[in-house]
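Take a look at the structure set out below.
A short reminder: the numbers here are calculations on the coordinates, not readings from a lab. Everything quoted here is computed from the prediction, not taken from an experiment. Note that we place each Cβ from the backbone using ideal geometry, even for glycine, and neighbour counts take in every protein chain shown.
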Amino acid sequence: MAPKSMLAAIVLILFFIVEIESNKILESACELDEEPESCRSSLLQNPRSSKAGPKDLSKIALEASLAKVHRVYDLIPPSGWVGRAFDEKTSQAIDRCLTFIDLALDHLNAAMGKLIRSEERILKLNHAVDIQTLLSASLTNQRTCLRGLQQANVNTSQFTFAVEISGSSQWVRNSVALINKLWIPEKPAVRHRRLLFDGDDFPSGFPLWLSGGDRRLLLDRHGVSANVTVAQDGSGNYKSIGDAINGAPDNSRKKYVIRVAKGIYREIVEVPKNKRNIMLVGDGIDATVITGDRSVGDGWTTIDTATLRVFANGFMASDMTIENTAGPEKQEAVAAFLASDVAVLHRCKLMGFQNTLYAHSLRQFYSNCDIHGTIDFISGNAAAMFKKCNIV
């Protein structure tokens, strides 16, 4: 009888040790959150948390984040109904919320996929950094939705989905805190932080996340072979950039190259999330120009002022100018807006006044670019790197 009692006692002791260690992990990770007490209490709502190891705790937080953001998405009114019930500016802001919350869900699902596919109990650093990037983007997307509603002077309390974003954002912050504490090593203090880099900062002059194939496309001095050509005189496959993008394959796994011939293209260009791996190649930085003049002063939300808007991952552009000609009195007027992962602009000129470049989220690289503006002309929450760029 004694051996059985001893075995039961040992099991009980081990149970308490595991629970104590799990609580220590949770306490330590939540210290990095903006609201540590809220982080702790929300995680402890799940009974599995008290016995979970680092990876399982991260999974619990991600599962809850997905459920909360999915609820927000389901509560957003459909576009058709919104258009009939509200003024144009409110409808525009709500439609953009649908776009950004949808992207937030995509990023959370991708983060969960990376966590599940990692079979080791200890998450590898490169996987942890990928998950960190995706979670940060998900959080940024939710904040962008709210900011758009505020710009449209919408009373957010009248929309349940807007109220719910507070809770969903808290859960994503919990997930970020856990990933940062458990898997991302602390960086040494940087005394002289640089936003611009020279060639020695990157192997081969490019960030590590840029694939070998994409590097070769950027370095090709003999001209990139295009899948289709846009030319205003009708000599190409399309006359407008938008039509060429719409004709590109969905979710392509390799680069789809669109040559944009010399000319001034007066159009608002949007690359939706399903048009992955598109590359726009102009005939020269001053030869191919995409131009628009939308502004907040004329009633648009910041996102919708952009001459070029990119929501698809793997986007690249080279050898062209992208501009917003709305004057400085028109407030925010974006030339290029990028919510695109592993995106690259190379030998491009971005022209505008306020908020010329909106590097919204995820990983982006700007090489040999000219960026012109006056107020906050580079903004956003992307992990953006600038190499040999002129910022004036």
| said: Taking a virtual spin label 7 Å from the Cα of Asp376 along the C-beta vector, which residues in the stretch 315-337 bring their backbone nitrogen under 20 Å of it? | reply: 323-337
| With labels modelled as points extended 7 Å from the Cα through the Cβ direction, what inter-label distance (nm, one decimal) is found for Asp220 paired with Glu27? | 5.8
| Sites matching trypsin sites (Lys or Arg not before Pro) across the stretch 225-270 that sit in DSSP coil, with at most 13 neighbouring C-beta atoms within 10 Å | Arg253, Lys254
| query | What is the distance in Å between the Cα centres of the stretch 250-305 and the stretch 319-392? | reply | 13
| Lys/Arg Cβ at +1, Asp/Glu Cβ at -1, dipole of the stretch 196-391 taken about the Cα centre: which of Cys348, Gly299, Val281 is farthest positive-ward? | Val281
| task | Using label points projected 7 Å from each Cα along Cα→Cβ, tell me how many nm separate Phe86 and Asn390, to one decimal. | result | 4.3
| 18 Å Cα-Cα reach of Lys349 towards lysines, excluding residues that sit fewer than 8 places from it in its own chain | Lys262, Lys387, Lys388
| Which of the lysines could a cross-linker span from Lys181 if the Cα-Cα distance has to be under 21 Å and same-chain partners fewer than 8 positions apart are dropped? | Lys24, Lys51, Lys55, Lys59, Lys114, Lys124
